[in-house]
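Asker: This is the structure I have questions about; it appears just below.
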Amino acid sequence: MTYIEFLQVHGSRMADGTVLTVVQFLLATVVAVVVAVLFGLMRLSRNPGVRGVATVYIEIFRGTSLLVQLFWIFFVLPLFGLNLDKFVAGFLAVGLNMGAYGAELVRGAIRAVPRGQWEAALALNMTDRKRMWRVILPQALVIMLPPWGNLVIEILKGTALVALISVADLMFEVRQINIATFLSVQAFGTALIVYYVLARFFVTPVMRALERFMSRKIGRA
Amino acid sequence: MIEWRWHLVWELAPRFVDAAGKTLLAAGGGYSIAVVLGLVLVLAQRTRFHPLTFAVREFVELIRSTPLLLQVFFVFYVGPQFGLVLSPWTAGLIAIGLHYGAYLSEVYRGGIESVPAGQWEAAKALNLSVVRTYRRIVIPQALPPAISGMGNYLVGIFKDTPMLSVIGVTELMHTATAVGAESYRYLEPYTMVGAIFLAISLPAAYLISRFEKWVRRTLGMVK
């Protein structure tokens, strides 16, 4: 069987899997961004209780493995009556995990905004909320976008784990193809290339474009 | 609502201690491979032979932007297709060592690039050989800035060892899944695995940051 024949036979399954991988990746990214902003801001709160909750969340999710968290959410939560569909459990686990890493990026970026900016906003009599949304966060966003570029790649890679709870993503499909055909190089090799192309030619350029767009927007082109 | 069974925890404890040892072994073994491989990868990128530099650069990018899980499967299943059968342990250590070797090569690269150009020029002016320049001048200076990254990836490799369970390495995750299949209890095994990971990775992260500060102090590089 030549490689072309292999692709003709199994290509459509892999394409379906790739679509699911991309969907999981996009949803996980949304979850991660929300979690990161929420817990990143909570870490900077003046209230020690709020800060404590965020710290515990971040340490738990960064201190254990994504796979452990995924299995916990999928196998243990139903025991407490919270039944999640495998599709939801998949992107939720990846998003919650990566969000904890993102929260530290958010916190670091906000702290890296020069002190003068805070003082100027205070001097202009801005409300706390307005100061955060209009002055601090836009600048923090520019600071944190480059490390987010790496994190987003980690999210893409993380979604491969959802195959282990039978979400039919690319990883899952090539595993099935491998079991059926034993053509491991073709199956896994193709998947490696697809993930690489997604990361290198889609995710990274989008993040770079976003970096350029944001720094232009706040006048740092 | 399901109740937590302590007696199950005590019953399972010996098995989990054993499995935790294997997890640490996998992390340690994989890291040892990665430390050496990372050095090879970074030195290969610094040669003047451009095809090699380009190939290694792309290889590192490929490894870094594809899932470890996929690489684990690739290494484990591709061998037999060519008549080379690897045990789960061998395949797992190769895959994880390769993955983190690529990451560490980037850490080393950052370290080497942080050595001022004048150091290279001085070494050249003193007619030091390439090997001597690296061993005595560059690496000692490149190491301190690399320690924090190396430490992060040590904790990272530890947390990624559960992925080896998919090819049958009997570490913590594999044990927990086996217990779940035997007893239909998932709450205690998976929670115990999480707790063990926390109990090891949090102190490890703390010790690494202490070590980093200590190195900076001893080398007189206090920030």
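The values are calculated or read from the model by the stated rules, or taken from the named source; none is laboratory data. Please read all numbers here as calculations on a predicted model, not as lab measurements. Methodologically, a virtual Cβ is constructed for each residue, glycine included, from the backbone with ideal geometry; neighbour enumeration extends over all protein chains shown.
Asker: For segment A:45-65, which positions are of a type in the set (A, V, I, L, M, F, W, C), surrounded by fewer than 16 Cβ atoms within 10 Å (Cβ to Cβ) and more than 30 Å from B:L164 (Cα to Cα)?
Answerer: A:V50, A:V53
Asker: May I pose another question? Quick check: is even one residue across segment A:146-154 within 28 Å of A:N97 (Cβ to Cβ), of a type in the set (A, V, I, L, M, F, W, C), over 18 Å from the mean Cα position of the chain (by Cα) and at pLDDT 95 or above?
Answerer: The answer is no; no qualifying residue exists.
Conditions (1) of a type in the set (A, V, I, L, M, F, W, C); (2) more than 8 Å from every other protein chain (Cβ to nearest Cβ); (3) crowded, with 18+ Cβ neighbours inside 10 Å; (4) at positive phi, marked per residue:
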site	(1), (2), (3), (4)
A:S166	no, yes, no, yes
A:L170	yes, yes, yes, no
A:V185	yes, no, no, no
A:F201	yes, yes, no, no
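Asker: Exactly one condition in (1) within 10 Å of chain B (Cβ to nearest Cβ); (2) out of contact with any Pro (no Cβ under 9 Å at 6 or more places or on another chain); (3) of a type in the set (A, V, I, L, M) is false for A:L122; which is it?
Answerer: Result: A:L122 fails condition (1) only.
Asker: A follow-up question, please. Give the residue that is nearest to the other protein chains (Cβ to nearest Cβ), with candidates limited to residues of segment A:66-82 that are surrounded by fewer than 18 Cβ atoms within 10 Å (Cβ to Cβ) and of a type in the set (A, V, I, L, M, F, W, C).
Answerer: Looking at residues that are surrounded by fewer than 18 Cβ atoms within 10 Å (Cβ to Cβ) and of a type in the set (A, V, I, L, M, F, W, C), I get A:L79.
For every residue, the table says whether it meets (1) touching a residue at least 12 places away in the same chain (Cβ under 8 Å); (2) within 21 Å of B:P162 (Cβ to Cβ); (3) over 14 Å from the mean Cα position of the chain (by Cα).
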site: B:V9; (1), (2), (3): yes, yes, yes
site: B:A20; (1), (2), (3): yes, yes, yes
site: B:Y31; (1), (2), (3): yes, yes, no
site: B:L39; (1), (2), (3): yes, no, no
site: B:V42; (1), (2), (3): yes, no, yes
site: B:Q45; (1), (2), (3): yes, no, yes
site: B:R48; (1), (2), (3): no, no, yes
site: B:F59; (1), (2), (3): yes, no, yes
site: B:F74; (1), (2), (3): yes, yes, yes
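Asker: What number goes with the only condition from (1) at pLDDT 95 or above; (2) crowded, with 18+ Cβ neighbours inside 10 Å; (3) more than 14 Å from chain A (Cβ to nearest Cβ) that B:V36 does not pass?
Answerer: Result: B:V36 fails condition (2) only.
Asker: Note down all Cβ pairs under 6 Å where the first residue falls in segment A:109-134 and is among the polar types (S, T, N, Q), the second is in a helix (DSSP H, G or I), and they're at least six residues apart or on different chains.
Answerer: As it stands, the answer is A:Q117/A:V135, since those pairs meet every condition given.
Asker: Considering each of B:P67, B:P14, B:P88, B:P51 in turn, give the residue that is buried (at least 17 other Cβ atoms within 10 Å of the Cβ) and away from chain A (no Cβ under 14 Å).
Answerer: B:P88
Asker: For segment A:172-183, how many residues are crowded, with 22+ Cβ neighbours inside 10 Å and either on the phi > 0 side of the Ramachandran plot or β-branched (V, I, T) (or both)?
Answerer: The number of residues fulfilling the criteria is 2.
Asker: Can you find a residue in segment B:106-126 that is within 24 Å of B:F73 (Cα to Cα), more than 14 Å from chain A (Cβ to nearest Cβ) and buried (at least 18 other Cβ atoms within 10 Å of the Cβ)?
Answerer: Checked against the condition, which is being within 24 Å of B:F73 (Cα to Cα), more than 14 Å from chain A (Cβ to nearest Cβ) and buried (at least 18 other Cβ atoms within 10 Å of the Cβ), segment B:106-126 yields no hits at all.
Asker: Let me ask you something else. For segment B:177-199, enumerate the residues that are crowded, with 19+ Cβ neighbours inside 10 Å and either in contact with a strand residue (DSSP E or B) (Cβ under 9 Å, 6 or more places away or on another chain) or not small (G, A, S) (or both).
Answerer: Selection gives B:T177, B:V179, B:Y186, B:L187, B:E188, B:P189, B:Y190, B:M192, B:V193, B:I196, B:F197.
Asker: Just one of the numbered conditions (1) within 25 Å of the chain's Cα centre (by Cα); (2) surrounded by 14 or more Cβ atoms within 10 Å (Cβ to Cβ) is not true of A:R131; which one?
Answerer: Result: A:R131 passes all but (1).
Asker: Among the numbered criteria (1) buried (at least 21 other Cβ atoms within 10 Å of the Cβ); (2) over 15 Å from B:L104 (Cα atoms), which single criterion is violated by B:H7?
Answerer: The number of the failed condition is (1).
Asker: Name the one entry in A:A209, A:A160, A:A140, A:A180 that is facing another protein chain (nearest Cβ under 10 Å) and part of a helix (DSSP H, G or I).
Answerer: Sole residue among the options that is facing another protein chain (nearest Cβ under 10 Å) and part of a helix (DSSP H, G or I): A:A160.
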